[in-house]
Amino acid sequence: MKKILSVSIIVFILFVSGFLAKNVYAEDTQSGKAAMSEMLLAYYYPQTDAKSEISMRIVNRQGQVRERRLTMLRLNQTPGGDQFYYIYFHEPADVKGMSFLVLKHVGRDDDRWLYLPAIDLVKRIATSDKRTSFAGSDFTYEDVSGRALDDDAHELIGEENLGTHPCLVVRSTPKRPGEAEFSYRKFWIDKTTHLSLKVEHYDLKGKLYKVYETQEIQTIQGTPTITKAVMRDIENERYTEITMKNVSYNAGLTSDIFQERLLRRAPRQWIGE
Amino acid sequence: MLGKVCSLILIAFILTISSNEVLFAEPASIHGFVEAAYGPKFSGDKLTQKNDYNFLEERLQLKVDYRPQKPAWLASWNPEVFFKGDLLSDEYKETVRYQVREAYGLGSPLSWMDVKLGRQILTWGTGDYLFINDVFPKDYESFFIGRDDEYLKAPSDAGKFSIYNHLVSMDAVVIPSFTPDVSFRGDRLSFYDNFLGRIAGKESDRIFTEPAVQFKNTEIATRLYRNLGEYETAIYAFKGFFNQPVGIKNESTKEVFYPKLAVFGASIRGPAPSVGGIASGEIGYYDSLQDRSGDNRLIENSGMKYLLGYERDFQKDLRIGMQYFVEQMLNFDEFKVNSQPGDIPRDEFRQLLTFRITKFFWLQTLEASLFTFYSPTNSDAYIRPRLAWQANDRWKLTVGANIFFGKHDWTEFGQLEGNDNFYIRLRYSF
């Protein structure tokens, strides 16, 4: 009888603690998801449209530098929803004039086109693998246009100051294992701007292999904007620096320009030389 | 020889740079590349002009882009003038020539209209190295010896009028002077000469007659297109001439010509349901206007062309593409009845499969690719392996090969068996 009582007490305690723990966990995932959702909105969706000139410096283990210069136009259809992207390459010389048109969809593969001016070819690009390197850099396509909120489970694991910035620390784990090359990522999200200041990528063995760091934030047209960042590949000892220049919001982009014409005829009023 | 070429290149370069600074006070930019290329033959037949290689050349390409800001009425059209030309020192032909690849003016007289006038490269359709409704000239010689893919497309002197609308957009291309494909003549690539009835090289002496530059010979190509959801759809119409000399004017004098042609077609491209990747389909009806009944054995019959394509990407920069292409000869019974001994045998349905695999390494600085054509009906094949290494932002090294197989001498790839080569190209871009 005594034994039965103790067993039932243990079971009860286990049950209650499990219940409580589960509740706490639920709260954490909820706030983790909310923090991540705010980050995605602040980073990938600020204002209705944006124009920016992006420079990338890709530095390998030997210290050799490759550079990319491009103009990016972005238009939101709905905040947090589908988006249009247009990317025009100015440099290096051998890809000058090449452009991308991307219709980003939430919940299905993006539509992506590539234009090769030398042969006047508009090519449709398959986009099943978003973890592909963007233009040979340490950033992936997903880093450039955002990873879907629901592709990961987000868990708030703490709060920490990064320099003078109080941050939420969120751990994001892919829901479909094997779909990404990381087992989880850790985000430091600035409590005031909601921008991520640091992202650590852990490989499938749990080892840190890639670190993203924001190096400069400027407030442009009232919107805190990351203007300089770096992605370091620790394993391969290389990194990519990305710099945003001449960022402007609400440039007046409309959805009707994001069509084949934009590829075949670069919009000089926005991309300049 | 080489010294002369180098000094010529240098002079041309300096001239262009300096003229740019004097003339273009307004925004203009100059870019381009210098390239050296060598394509030794495996062993091959000894029929062409040179036996050991099928290309050895140095090339300087300069591109100038200029956007006039004055006068004001013109500036409002958002005008653009573009020029691209190649100075080619061709050791195979032992010549130095200048080739204007593009030279056009482009403007938008209305917000929903673009006009592009001049020499330009024109491309549309869904095929990968296969063309149905893209009726614009190709340079197959460049393709088969291993020049850059850019040179597969030959320029047209044309006016292109584009009208944009959210319901349907349209391109109309007017080509006043016919440009044929650059194809086999025997000097650089040996091929099956049907007059000689065997593989021929430089001794091939066919006479080519192009349509005269006359108003009635103006070629017109149109495309109507729109997106339906994530699917791109288009319909096409063309009236002009075959780009290949598929008509015989006079058998005894070996005169060939480019018969009149009309093409009507359609295409669709978009995501493949459930499996992912991109699927495409294209169809075209080739109306051979000078032999509609198919009983003239000297002129190509009408035909239908069908193409199905599929491409998808995998993790780690791997991409795979496949195509199934069918060419159906119409009025096949007439063809059979009228054929004479010595005519090239043909199938009613010629089938062709292509397979492409591409993978990038070293943060996309090394590209390995293999493109294969295989025709089960013609029993021939063509494979194009290639490695391209981008050493840095300026230097690129490309090596590859062109290898042909065939059971018969007269099929598309079989006739090229004696032209197998390996090639190497080194390019500096600026």
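Just so you know, all these numbers are worked out from the coordinates, no wet-lab data involved. What you are looking at is a predicted structure, and each value in this text was computed from that prediction instead of being measured. Quick reminder, even Gly has a Cβ in these numbers, built from the backbone with ideal geometry, and neighbours come from all protein chains shown.
Regarding A:ILE217, is this residue among the β-branched types (Val, Ile, Thr), out of contact with any strand residue (DSSP E or B) (no Cβ under 6 Å at 6 or more places or on another chain) and surrounded by fewer than 18 Cβ atoms within 10 Å (Cβ to Cβ)?
Taking the combined requirement at face value, the residue does not satisfy it.
Need at least 1 residues that are of a type in the set (Ser, Thr, Tyr) and touching a residue at least 24 places away in the same chain (Cβ under 8 Å) per element, so show me which strands (runs of 3 or more DSSP E) inside the stretch B:61-146 make the cut, counting only ones lying wholly within it.
B:80-90, B:95-110
Condition check: touching a residue at least 12 places away in the same chain (Cβ under 8 Å) and buried (at least 16 other Cβ atoms within 10 Å of the Cβ). Does B:LYS202 satisfy that?
Numbers: touching a residue at least 12 places away in the same chain (Cβ under 8 Å): yes; buried (at least 16 other Cβ atoms within 10 Å of the Cβ): no.
Considered against the rule, which asks whether it is touching a residue at least 12 places away in the same chain (Cβ under 8 Å) and buried (at least 16 other Cβ atoms within 10 Å of the Cβ), B:LYS202 comes out as no.
Looking only at the stretch A:61-94, count how many residues are among the hydrophobic types (A, V, I, L, M, F, W, C), within 17 Å of A:ASN246 (Cβ to Cβ) and either within 14 Å of chain B (Cβ to nearest Cβ) or touching a Ser or Thr at 6+ places or on another chain (Cβ under 6 Å) (or both).
The total comes to 3.
Hey, could you check the stretch A:145-162 for residues that are under 15 Å from the mean Cα position of the chain (by Cα) and surrounded by 19 or more Cβ atoms within 10 Å (Cβ to Cβ) and say which is farthest from A:GLU91 (Cα to Cα)?
Residue satisfying both the conditions and the ranking: A:HIS154.
Condition test on B:GLY400, is it touching a Pro at 6+ places or on another chain (Cβ under 8 Å) and either touching a residue at least 60 places away in the same chain (Cβ under 8 Å) or surrounded by fewer than 18 Cβ atoms within 10 Å (Cβ to Cβ) (or both)?
Yes: the conditions hold for B:GLY400.
Residue by residue through the stretch B:115-145, note down the ones that are surrounded by fewer than 21 Cβ atoms within 10 Å (Cβ to Cβ) and among the acidic types (Asp, Glu).
Hits for the stretch B:115-145 are B:ASP128, B:ASP139.
Here's a check for you: in the stretch B:273-287, which residue that is of a type in the set (A, V, I, L, M, F, W, C) and within 25 Å of B:PHE238 (Cα to Cα) is farthest from the other protein chains (Cβ to nearest Cβ)?
By that ranking, first place goes to B:ILE283.
Going through the stretch A:167-202 one residue at a time, which ones are surrounded by fewer than 19 Cβ atoms within 10 Å (Cβ to Cβ) and either farther than 18 Å from A:GLU155 by Cα or in contact with a helix residue (DSSP H, G or I) (Cβ under 7 Å, 6 or more places away or on another chain) (or both)?
A:PRO174, A:LYS175, A:GLY178, A:GLU179, A:GLU181, A:THR192
Just a yes or no: is a residue in the stretch B:404-418 surrounded by fewer than 20 Cβ atoms within 10 Å (Cβ to Cβ) and in a strand (DSSP E or B)?
Yes, that holds for at least one residue.
Residue-by-condition table, conditions (1) of a type in the set (D, E, K, R); (2) free of Cβ contacts under 8 Å to residues at least 40 places away in the same chain:
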| residue | (1), (2) |
| --- | --- |
| B:SER267 | no, no |
| B:GLY276 | no, yes |
| B:ALA279 | no, yes |
| B:LEU289 | no, yes |
| B:ARG292 | yes, yes |
| B:ARG297 | yes, no |
| B:SER302 | no, yes |
| B:GLY309 | no, no |
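Can you find a residue that is facing chain B (nearest Cβ under 10 Å), outside any loop (DSSP other than H, G, I, E, B) and not polar (S, T, N, Q) anywhere in the stretch A:126-147? Write out each step before concluding.
In the first step, residues of the stretch A:126-147 are kept if they are facing chain B (nearest Cβ under 10 Å); the result is A:126-138.
The next check asks that each one be outside any loop (DSSP other than H, G, I, E, B); those that pass are A:133.
With the extra rule that they be not polar (S, T, N, Q), the set shrinks to none.
No, there is no match, as no residue in the stretch A:126-147 is facing chain B (nearest Cβ under 10 Å), outside any loop (DSSP other than H, G, I, E, B) and not polar (S, T, N, Q).
Going by the structure shown, is A:ILE58 within 11 Å of another protein chain (Cβ to nearest Cβ), surrounded by fewer than 18 Cβ atoms within 10 Å (Cβ to Cβ) and more than 17 Å from A:ASP151 (Cβ to Cβ)?
Numbers: within 11 Å of another protein chain (Cβ to nearest Cβ): yes; surrounded by fewer than 18 Cβ atoms within 10 Å (Cβ to Cβ): no; more than 17 Å from A:ASP151 (Cβ to Cβ): yes.
Here the answer is no, as A:ILE58 does not meet what is asked.
Yes/no per residue for (1) farther than 29 Å from B:TYR310 by Cα; (2) more than 10 Å from chain A (Cβ to nearest Cβ); (3) of a type in the set (Val, Ile, Thr):
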{"residue": "B:ARG119", "(1), (2), (3)": "yes, yes, no"}
{"residue": "B:THR123", "(1), (2), (3)": "no, no, yes"}
{"residue": "B:PHE143", "(1), (2), (3)": "no, yes, no"}
{"residue": "B:SER156", "(1), (2), (3)": "yes, yes, no"}
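Go through the stretch B:322-337 residue by residue and tally those that are surrounded by 16 or more Cβ atoms within 10 Å (Cβ to Cβ), farther than 17 Å from B:ASP287 by Cα and over 23 Å from the mean Cα position of the chain (by Cα).
The total comes to 0.
Which residues, counting only those in the stretch B:231-270, are within 14 Å of chain A (Cβ to nearest Cβ) and of a type outside the set (Lys, Arg)?
B:TYR231, B:GLU232, B:THR233, B:ALA234, B:SER267, B:ILE268, B:GLY270
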